[in-house]
1. Largest first and in whole Å, give the semi-axes of the chain's equivalent ellipsoid, each being the square root of 5 times a Cα gyration tensor eigenvalue.
2. Per residue, how big is the convex hull of segment 23-79 when only Cα atoms are used? Give it in Å³.
3. Keeping all protein chains in place, calculate the accessible area per residue for the chain (probe 1.4 angstrom), answer in Å².
4. I need the semi-axes of the equivalent ellipsoid of segment 61-110: take the C-alpha gyration tensor, multiply each eigenvalue by 5, square-root it, list largest first in whole angstrom.
5. What is the distance in Å between the Cα centres of segment 80-101 and segment 1-22?
6. What ranking do 42-49, 62-69, 28-35 get when scored by the average of other Cβ atoms within 10 Å per residue, highest first?
7. Roughly how many debye, to the nearest 20, is the charge dipole of segment 49-92 about its Cα centre, given +1 on each Lys and Arg Cβ, -1 on each Asp and Glu Cβ, and no other charges?
8. For the chain, what is the charge dipole size about the Cα centre, in debye to the nearest 20, if Lys and Arg each add +1 at the Cβ and Asp and Glu each add -1 at the Cβ?
Amino acid sequence: QVQLVESGGGLVQPGGSLRLTCRASESIFFINAMAWYRQAPGKQRELVARITSGGITNYLDSVKGRFTIARDNAKNTVYLQMNNLKPEDTAVYYCNALRHDGSYWGQGTQVTVSS
């Protein structure tokens, strides 16, 4: 199994930035896709950004132009750079790895955007 550990969450003011990090317990080189999801209180978990093994990315419409996902295969790490944060971005953010043998999740990291 792949173990994922997220970090980088916290409290930030509107307009601020955060960078989330997801470290995998083993190589992500052969993982089909790495992604960030989020879940706000009372809402369903939603896909925020995904990056495939080939580097193709896709984003939730509401974060396009503000968030950037990147992967560093050498460090077994995926990042989510979040700029111009808005209160509606407040949620628990989860890292996900999709591999041939299943889908793996991290424990989540809280992001709170508030003045």
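1. Values: eigenvalues 107, 38, 32 Å².
Working through the eigenvalues yields semi-axes of 23, 14, 13 Å.
2. Working: hull volume 5.2 nm³, N = 57.
Considering the Cα atoms of segment 23-79, their hull volume per residue is 92 Å³.
3. Numbers: 6060 Å² over 115 residues.
Ligands and nucleic acids excluded, the figure is 53 Å² per residue.
4. Details: eigenvalues 100, 40, 21 Å².
With the √(5λ) rule applied to segment 61-110, the semi-axes are 22, 14, 10 Å.
5. 8 Å
6. Details: 42-49: 13.2, 62-69: 16.0, 28-35: 19.0.
Averaged packing, sorted descending, gives the order 28-35, 62-69, 42-49.
7. Working: 6 positive and 4 negative charges, 23 e Å.
About 120 debye.
8. Working: 12 positive and 8 negative charges, 26 e Å.
The dipole of the chain has a size of about 120 debye.
The values are calculated or read from the model by the stated rules, or taken from the named source; none is laboratory data. None of the values given here were measured: they were computed from a predicted structure. All Cβ positions, even for glycine, are placed from backbone atoms using ideal geometry, and neighbour counts span all protein chains on display. These accessible areas exclude ligands, DNA and RNA; they are computed on the full protein's heavy atoms, side chains included. Shrake-Rupley method; radii C 1.70, N 1.55, O 1.52, S 1.80 Å.
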